[in-house]
Amino acid sequence: MVPVGVEIKETEVDEADFEEMKRFVRDYLAASVESEEDGGRMRWYPWHSAEYRFNHILNVVDLAEEIAEAEGADVDVVRVAAVFHDVAKLEVDQDVHAEAGARVAREYLRSRGNYPESFIEEVCGAVVDHSYTGDLADVPLESRCLIEADVLDKVGANGAVLMLLRMGYESRTHMDAAKMVDRVLDRGRDHTDRVVSDTAESIAHQRIKRVQWIREWLEEEVSRMDAGGVVER
C-alpha cells in the first residue's frame, strides 16, 4: 500500500498525446510570427522563422531522447521538455525565452491530460535550465540531457549548412565557405568540451568528423582557396 500523501508518479506520455504537443508547439510558433508587426523581429533571418525553429525542436527531441535513454534519465520528462524548450523563442527576448517557455508548458500540461504536478515541475525545470551556461554537472540529469541535445543540433552537417546559408545574408561569396565552416568546427569543439555524458560526447565527435569532411571537400573543389581557407590572389 502506498502511504497517504505520497504522489504516485505516473509520467508516461503516450504517442498520441506527444503528437498533440508537437502540433500545439508548431501552431504556437506560427502564431508568434504572424502576430509581429511589419518586418518583425529579425524576420529576414531564416532561423527566426517558425519553420526553422520547429525543425530545430524536432531535432532536439530526437537527440534528447537518445541521450536520455542511454544515460538513464526520465525519457518522458526529457522529451516533453525538449518539445517545449523553444516554444516562446519567437515572441520574447532571448534572455527570457526559457522562463517564458516554461510558463507555456506548465499551462499546457495542467490544462490537458492528468499529469502529476511533480512531472509538470520537472518538465518546466528542464525548460528553464536549457539556457543555463554553467557547469552541466550542476543541473539535474534531465536538464543536462536537454542542454546537451540543444547544443549538439548546432554541430555537424546541419550546423555547417546553416552557417553557409548565413553567407548569403552577409553578402559573402562561396570562396569564404571554408572560413564559415571553420566557425562550425570551433563551435563544435567548444560544445564537446562542455558536454559531460559519454553519449553526447560520442555524438559530438561523430558530427565534428562530418564537418571536417565538408571542410576537406571544399579545399579540394574550390580552386581559389588555399589550405588555410584564404582566397589566393
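The values are calculated or read from the model by the stated rules, or taken from the named source; none is laboratory data. Given the structure is predicted, the values throughout are model-derived calculations rather than measurements. Using ideal geometry, Cβ is built from the backbone for each residue, glycine included, and neighbour counts are taken over all protein chains shown. Side chains included, ligands, DNA and RNA excluded: accessible areas come from the protein's heavy atoms. Shrake-Rupley method; radii C 1.70, N 1.55, O 1.52, S 1.80 Å.
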Checklist line | Local electrostatic count at Arg23 - Lys and Arg +1, Asp and Glu -1, tallied over other residues with Cβ under 12 Å | finding: -1
Notebook entry, point to check: For the stretch 72-178, how big is Rg over Rh, using alpha carbon atoms and the Kirkwood form of Rh?
Noted result: 1.09
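Using packing as a proxy for protection, rank 143-150, 73-80, 213-220 so that the peptide with the highest average count of other Cβ atoms within 10 Å comes first.
Working: 143-150: 27.1, 73-80: 24.6, 213-220: 14.4.
Ranked by mean Cβ neighbours within 10 Å, highest first: 143-150, 73-80, 213-220.
For His205 and Asp27, compute 0.36 nm times the residue count separating them, minus their Cα-Cα distance, and round to one decimal in nm. Don't jump to the answer; show the numbers that get you there.
Numbers: separation 178, 0.36 × 178 = 64.08 nm, distance 3.42 nm.
Here the segment from His205 to Asp27 would lengthen by 60.7 nm.
At a 1.4 Å probe radius, which order do Glu142, Glu201 fall into by accessible area, largest first? Could the numbers behind the result be given before it?
Numbers: Glu142 35, Glu201 70 Å².
The residues order as Glu201, Glu142, largest area first.
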Check: Given R₀ = 41 Å, FRET efficiency for Glu117-Glu220 by Cβ-Cβ distance, to 0.05?
Finding: 0.10
Margin query: Which order do the peptides 120-130, 19-29, 58-68 come out in when sorted by mean C-beta neighbours inside 10 angstrom, highest first?
Written below: 120-130, 58-68, 19-29
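Quick check on packing: order 106-112, 84-90, 179-185 by the mean number of other C-beta atoms within 10 Å, highest mean leading. Mind showing how you got there, number by number?
Working: 106-112: 14.6, 84-90: 25.0, 179-185: 18.9.
Result, highest mean first: 84-90, 179-185, 106-112.
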